[in-house]
Amino acid sequence: LTLHESTSHESKMKFETKFLLKWISKKQYPIIFHSETTKNRYEKYIRNSFNSVKLNASFIIPMGLFETYLLCEENNDFNPQDLFRKNFILFYGRFNQAKGLQILIDSNKELSKTRMMPSLVIAGSGKICFHKKNNDKIHVINKFLSNSEISKLNKYAKFIVCPYVSASQSGIPLTTYLFNKPIIASNVGDFPNIVEQNETGIIIEPNNRNQLMNAILKLAFDDKFYEMISSNIKAKYLIGQNSWNSIADR
């Protein structure tokens with residue numbers, strides 16, 4: 001069996017999930033996980049929930065880049081470059097309280113007091129759980145994003161910010177790296193294992209506005225640092241040890 005997620009990180013686990021995990025552990029099916037974080041969460045839950053249950057044999061096979069986004073049909077009705085200009089700062093994904101969106105907006109507002117900041121684009125579906133306070137340089141796209149829209153947003157963004165408060169594993173880095181774009185991410189879930197500090201992005205502590213602002217400034221205005229990060233992503237994920245060819249060989 002392959003488990004993409006093993007336990008909930010946002011709310012109380014549903015009965016169906018508990019039942020499924022108990023069934024998997026009792027049947028002793030070998031499990032493929034895609035990250036160390038997911039594997040550890042599964043094993044901790046099994047140990048804490050069921051006495052004398054032997055842990056499943058397990059393996060970790062990391063995910064490579066989500067290359068299918070390069071095959072998306074062009075959506076001619078949506079051009080981020082025309083809407084927000086090139087090199088905007090991007091958050092994309094489902095909206096909820098765990099994503100730290102308010103601290104991102106507040107950080108952008110604070111930086112805008114002394115700098116000509118790029119536009120900030122917040123794109124995804126879910127209930128609006130933040131206030132942008134009539135800032136005309138913050139653009140919200142509140143809808144379920146098509147593959148074409150995700151592809152175009154990543155193509156024209158300068159970098160992506162994931163200021164999460166909690167997380168497990170995320171497909172965002174493996175989508176964004178496809179376009180050689182750096183990521184700022186919180187030190188939660190599997191982000192520290194995918195976003196290498198000052199190599200493929202910047203890791204910050206959750207809810208730390210000063211760290212977030214410094215990271216945004218670094219990627220927005222230090223061109224030499226930005227180009228180094230982009231080159232590292234290409235070397236590691238397109239042809240290096242994290243490429244699909246290397247993963248398949250292992």
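Bear in mind these aren't lab numbers, they're just calculated from the coordinates by the rules spelled out. Source: prediction; values computed, not measured. Here Cβ is always computed from backbone atoms with ideal geometry, including for glycine, and neighbour counts include all displayed protein chains.
Dipole magnitude for the range 139-242: about 300 debye, using +1 per Lys or Arg Cβ and -1 per Asp or Glu Cβ, origin at the Cα centre. Pairs over the 25 Å Cα-Cα cut-off, from the set Lys132/Lys218; Lys155/Lys234; Lys152/Lys234; Lys99/Lys137; Lys39/Lys181; Lys39/Lys152: Lys39/Lys181; Lys39/Lys152.
Computed from phi, the 3J(HN,Hα) profile of the range 80-92 under the Karplus parametrisation 6.51, -1.76, 1.60 (θ = phi - 60°) reads x, 4, 6, 6, 10, 6, 6, 6, 7, 8, 10, 10, 9 Hz, with x in place of Gly and Pro.
Taking Rg and Dmax of the Cα atoms in Å as the quantity of interest, determine which of (i) 19.2, 60; (ii) 20.7, 62; (iii) 19.5, 65 was computed from the displayed structure. Of the listed options (i) 19.2, 60; (ii) 20.7, 62; (iii) 19.5, 65, (i) comes from this structure.
The gain in end-to-end length when the Leu217 to Glu74 segment is fully stretched comes to 48.3 nm, 0.36 nm per residue minus the alpha carbon separation. In this structure, the amide hydrogen of Ser186, modeled 1.01 Å from its nitrogen in the peptide plane, lies closer than 5 angstrom to those of Cys162, Tyr164, Ile204, counting only residues at least 5 positions away or on a different chain. Straightening the chain between Lys22 and Trp244 buys 76.7 nm, computed as 0.36 nm per residue apart minus the Cα-Cα spacing. Taking all Cα pairs closer than 8 Å and separated by 6 or more residues, the relative contact order of the range 31-99 comes to 33 percent. Each Lys and Arg contributes +1 and each Asp and Glu -1, all at the Cβ; summed about the Cα centre of the chain, the dipole is approximately 780 debye. Helix 36-49 and the long axis of the chain differ in direction by around 40°, with both axes built from C-alpha atoms.
Kirkwood analysis of the Cα pair distances in the range 129-195 returns a hydrodynamic radius of 13.4 Å. Between Leu55 and Met13, what's the calculated FRET efficiency when r is the beta-carbon distance and R0 is 25 Å? Round to 0.05. Efficiency computed from Cβ-Cβ geometry: 0.85. Residues whose amide H comes within less than 5 Å of that of Ser146, counting only those at least five positions distant or on another chain, are absent (H built at 1.01 Å from N in the peptide plane).
Taking the C-alpha atoms only, the angle from helix 15-27 to the longest principal axis of the chain is near 50 degrees.
Taking a ≥ b ≥ c as the square roots of the Cα gyration tensor eigenvalues, with a/c under 1.5 meaning rounded and otherwise prolate when a/b beats b/c, else oblate, which class fits the range 3-49? Oblate shape, in that a/c is at least 1.5 and b/c is the bigger or equal ratio.
One chain, two ends: Asn40 and Asn142. Fully extended at 0.36 nm per residue, the span grows by 33.3 nm beyond their Cα-Cα distance. Using C-alpha pairs below 8 Å separated by at least 6 residues, the relative contact order for the range 164-222 is 30 percent. Phi-derived couplings, Karplus 6.51 cos²θ - 1.76 cosθ + 1.60 at θ = phi - 60°, listed residue by residue for the range 107-119: 5, 4, 5, 5, 5, 5, 5, 10, 10, 7, 7, x, 5 Hz, with x used for Gly and Pro. Residues whose amide H comes within less than 5 Å of that of Phe88, counting only those at least five positions distant or on another chain, are Lys158 (H built at 1.01 Å from N in the peptide plane). Only Cα pairs under 8 Å and 6+ residues apart enter the sum, and on that basis the relative contact order of the range 132-206 stands at 25 percent.
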